[in-house]
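First comes the structure, then the notes that go with it.
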Amino acid sequence: MQDYFEKPEHIEARAILRLVEIGTTTLEDARELIGIPDREEQALKAFIRVAGKAGVGIGRAVAFRRRVAYEFEMLVSSANLEQQQLVA
């Protein structure tokens with residue numbers, strides 16, 4: 001059942017974790033799906049610094065990806081999936 005007060009980043013992290021649980025993707029691939037590659041993130045941060053108002057939305061998107069990654073890691077930890085995949 002959906003919690004109507006659940007944070008969007010938690011909803012997305014939970015949905016991606018579900019893909020891992022059903023075997024559609026691996027933990028590492030899920031992390032890559034969530035994250036922004038370092039080179040691209042550095043370029044986005046540079047753009048955000050100089051873009052003024054135009055960079056605000058991009059800054060929010062980058063921050064959202066970080067929050068999804070954090071929520072995902074919390075869910076993985078609580079589900080003990082890291083250990084389960086190492087054993088399998």
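Can you tell me which of (1) surrounded by fewer than 12 Cβ atoms within 10 Å (Cβ to Cβ); (2) at pLDDT below 95; (3) hydrophobic (A, V, I, L, M, F, W, C) is the one Leu81 doesn't meet? All conditions are met except number (1). In the stretch 2-23, is there at least one residue being surrounded by 10 or more Cβ atoms within 10 Å (Cβ to Cβ), hydroxyl-bearing (Ser, Thr, Tyr) and either under 16 Å from Val68 (Cβ atoms) or out of contact with any Lys or Arg (no Cβ under 6 Å at 6 or more places or on another chain) (or both)? Within the stretch 2-23 (the criterion being surrounded by 10 or more Cβ atoms within 10 Å (Cβ to Cβ), hydroxyl-bearing (Ser, Thr, Tyr) and either under 16 Å from Val68 (Cβ atoms) or out of contact with any Lys or Arg (no Cβ under 6 Å at 6 or more places or on another chain) (or both)), the answer is no, since none of the residues qualifies.
Filter the stretch 62-79 down to the residues that are of a type in the set (Phe, Trp, Tyr) and touching a Leu at 6+ places or on another chain (Cβ under 8 Å) and list them by number. Don't jump to the end; show me each part of the working.
Taking the stretch 62-79 first, the residues of a type in the set (Phe, Trp, Tyr) are 64, 70, 72.
The answer is Phe72, and nothing else.
Given the structure, is Val68 assigned to a helix (DSSP H, G or I), of a type outside the set (Gly, Ala, Ser), modelled with pLDDT of 95 or more and surrounded by fewer than 14 Cβ atoms within 10 Å (Cβ to Cβ)? Don't jump to the end; show me each part of the working.
On the way: assigned to a helix (DSSP H, G or I): yes; of a type outside the set (Gly, Ala, Ser): yes; modelled with pLDDT of 95 or more: yes; surrounded by fewer than 14 Cβ atoms within 10 Å (Cβ to Cβ): no.
In short, no.
Condition (residue is among the polar types (S, T, N, Q) and either outside any loop (DSSP other than H, G, I, E, B) or touching a residue at least 12 places away in the same chain (Cβ under 8 Å) (or both)) applied to the stretch 71-78: is it met by at least one residue? Taking every residue of the stretch 71-78 in turn, at least one turns out to be among the polar types (S, T, N, Q) and either outside any loop (DSSP other than H, G, I, E, B) or touching a residue at least 12 places away in the same chain (Cβ under 8 Å) (or both).
Report, by residue number, each residue of the stretch 1-40 that is basic (Lys, Arg) and free of Cβ contacts under 8 Å to residues at least 24 places away in the same chain. Steps first, answer last, please.
Here is the first cut: in the stretch 1-40, the ones basic (Lys, Arg) are 7, 14, 18, 31, 39.
Once the filter is applied, which keeps residues that are basic (Lys, Arg) and free of Cβ contacts under 8 Å to residues at least 24 places away in the same chain, the stretch 1-40 yields Arg18, Arg39.
Annotation note: of Glu28, Glu40, Glu32, the sole residue that is among the acidic types (Asp, Glu) and more than 14 Å from the chain's Cα centre (by Cα) is Glu40. Looking across the stretch 34-61, the residues that are under 25 Å from Glu6 (Cβ atoms) and buried (at least 16 other Cβ atoms within 10 Å of the Cβ) come down to Ile34, Ile36.
The values are calculated or read from the model by the stated rules, or taken from the named source; none is laboratory data. Being a predicted model, the structure only gives us computed values, none of them experimental. All Cβ positions, glycine included, derive from the backbone under ideal geometry; neighbour counts span all protein chains shown.
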